[in-house]
Amino acid sequence: MVFVHAGASADAPPRLVTLAAALSERGRSSRAVAASELRGVRDAIVIFAGDTGAGSLLRARLSGNCTLLDVRGLPAGPRFPGGSRLVDGAIFRNCRQQKDLDRPRWTSRVIYDEPEPGLAPHSVAAGEFQVGCFGVSAAGEHFGKVRGVAFIDSHPLRHVGQFNCHLSLRAPGSAELYQPGAEVANAAACGAVLVTMRDAAAVELLGEDYPFYCASDRGAVEDALARARQLRGGKEWGAALARLREVKTKTSLDAVVAQHLELFVALEEAGSASKAEGAPPAAG
């Protein structure tokens, strides 16, 4: 199994390195490689970012590899005529993605994001309320503009333990539907309450009745945070944490590894069936 990433070989995302190591421990030799190193990969399952180009897909297929797309945003499949035929399947990050973007001949499944490696429960004292928003992509147009929120865009994993409330925002539109749910998984791993917009991954993981959703305008975000501050330690705060503990189980590294292994088996079975259908009839 080969996870392809952009950039230099030494710059593999920690999430991919950790996932590849966990899959290897389960008997599926896996590694993360830079796109420039893909030329030497043969007879593997190769997982690309969803917006990969035609050249990379074609080279992978000509080398005898199966190809999967990791759909981490709106793009799902090559943006050129017939390009989807170079793809064997996709890893979708929420059910809405799969409903809208899957293709009939692909072998695909939904696998929710696991948390970033190394996260641990927060260390905020009982009765305190500390809010953090991690990354520009999680803050949208409000980065640095909402009162009482620490906006962190460099090495956020060094700071997550300082917050018992996380904030996740999206630009209205396709981002609400197609972005993965990493912020949900991260908050769950930290034991922090999440204030979030109703993006597809959040609603699928947390449920329609999760108590700390917010709208996208700045006033609504500030009102939702004020409500979370007022209710900390109470019934709704506890209900939110209970829901996030369920998410923590669903998005644990062990669960995500098992789901990848199931998809790989299904992909191999689909490939074997396709070859059998195309084989000439047996003699006699």
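The values are calculated or read from the model by the stated rules, or taken from the named source; none is laboratory data. None of the values given here were measured: they were computed from a predicted structure. We place every Cβ from the backbone using ideal geometry, glycine too, and count neighbours over all the protein chains shown.
Evaluating L157 against the criteria (1) modelled with pLDDT of 95 or more; (2) under 19 Å from H122 (Cα atoms); (3) surrounded by fewer than 19 Cβ atoms within 10 Å (Cβ to Cβ) leaves one unmet condition, (1). Residues that are among the aliphatic types (A, V, I, L, M) and modelled with pLDDT of 90 or more were ranked within segment 72-98; the one that is surrounded by the fewest Cβ atoms within 10 Å (Cβ to Cβ) is I91.
Restricting F163, F151, F129 to residues that are of a type in the set (F, W, Y), at pLDDT 90 or above and under 26 Å from D254 (Cβ atoms) narrows the list to F163.
Of everything in segment 208-220 that is at pLDDT below 95 and not in a loop (DSSP other than H, G, I, E, B), the residue that is surrounded by the fewest Cβ atoms within 10 Å (Cβ to Cβ) is G219. Tell me whether segment 131-140 contains one or more residues that are hydroxyl-bearing (S, T, Y), surrounded by fewer than 16 Cβ atoms within 10 Å (Cβ to Cβ) and not in a loop (DSSP other than H, G, I, E, B). Within segment 131-140 (the criterion being hydroxyl-bearing (S, T, Y), surrounded by fewer than 16 Cβ atoms within 10 Å (Cβ to Cβ) and not in a loop (DSSP other than H, G, I, E, B)), the answer is no, since none of the residues qualifies. Going through (1) under 28 Å from A200 (Cα atoms); (2) of a type outside the set (K, R); (3) buried (at least 21 other Cβ atoms within 10 Å of the Cβ) one by one, A49 falls short only on (3).
Taken together, the criteria exclude R198 from residues that are outside the structural domain of G234 (by TED's automatic domain parsing), within 21 Å of the chain's Cα centre (by Cα), within 30 Å of G89 (Cβ to Cβ) and not aromatic (F, W, Y).
Taking every residue in segment 143-170 that is among the small types (G, A, S) and pairing it with any residue that is part of a loop (DSSP other than H, G, I, E, B) and loosely packed, with under 14 Cβ neighbours inside 10 Å, at least 6 positions away or on another chain, the pairs with Cβ-Cβ distances below 8 Å are A150/H159; G161/A120; G161/P121; G161/S123.
The one condition from (1) farther than 22 Å from P211 by Cβ; (2) assigned to a loop (DSSP other than H, G, I, E, B) that E128 does not meet is (1). Criterion applied to A201, A192, A187, A182 was being out of contact with any His (no Cβ under 7 Å at 6 or more places or on another chain), buried (at least 23 other Cβ atoms within 10 Å of the Cβ) and farther than 15 Å from V136 by Cα, and the one residue passing it is A201.
Scanning segment 18-37 for residues that are under 19 Å from the mean Cα position of the chain (by Cα) and free of Cβ contacts under 8 Å to residues at least 24 places away in the same chain, which turns out farthest from D113 (Cα to Cα)? If we take residues in segment 18-37 being under 19 Å from the mean Cα position of the chain (by Cα) and free of Cβ contacts under 8 Å to residues at least 24 places away in the same chain, then A21 is farthest from D113 (Cα to Cα).
Among the residues of segment 225-240, are any in contact (Cβ under 8 Å) with a residue 24 or more places away in the chain and part of a loop (DSSP other than H, G, I, E, B)? Let's see the steps before the verdict.
Looking only at segment 225-240, we keep the residues that are in contact (Cβ under 8 Å) with a residue 24 or more places away in the chain, and these are 225, 228-229, 232-233, 236-237, 239-240.
Among the residues that remain, those that are also part of a loop (DSSP other than H, G, I, E, B) are: 232-233.
Yes, segment 225-240 has at least one match.
Just wondering, is there one or more residues in segment 58-70 that are surrounded by 19 or more Cβ atoms within 10 Å (Cβ to Cβ), at pLDDT below 95 and either assigned by TED's automatic domain parsing to the domain that holds G173 or part of a loop (DSSP other than H, G, I, E, B) (or both)? Looking through segment 58-70, at least one residue is surrounded by 19 or more Cβ atoms within 10 Å (Cβ to Cβ), at pLDDT below 95 and either assigned by TED's automatic domain parsing to the domain that holds G173 or part of a loop (DSSP other than H, G, I, E, B) (or both). Before we move on, is L119 at pLDDT below 95, part of a loop (DSSP other than H, G, I, E, B) and either closer than 25 Å to K248 by Cβ or in contact with a strand residue (DSSP E or B) (Cβ under 9 Å, 6 or more places away or on another chain) (or both)? Yes: the conditions hold for L119.
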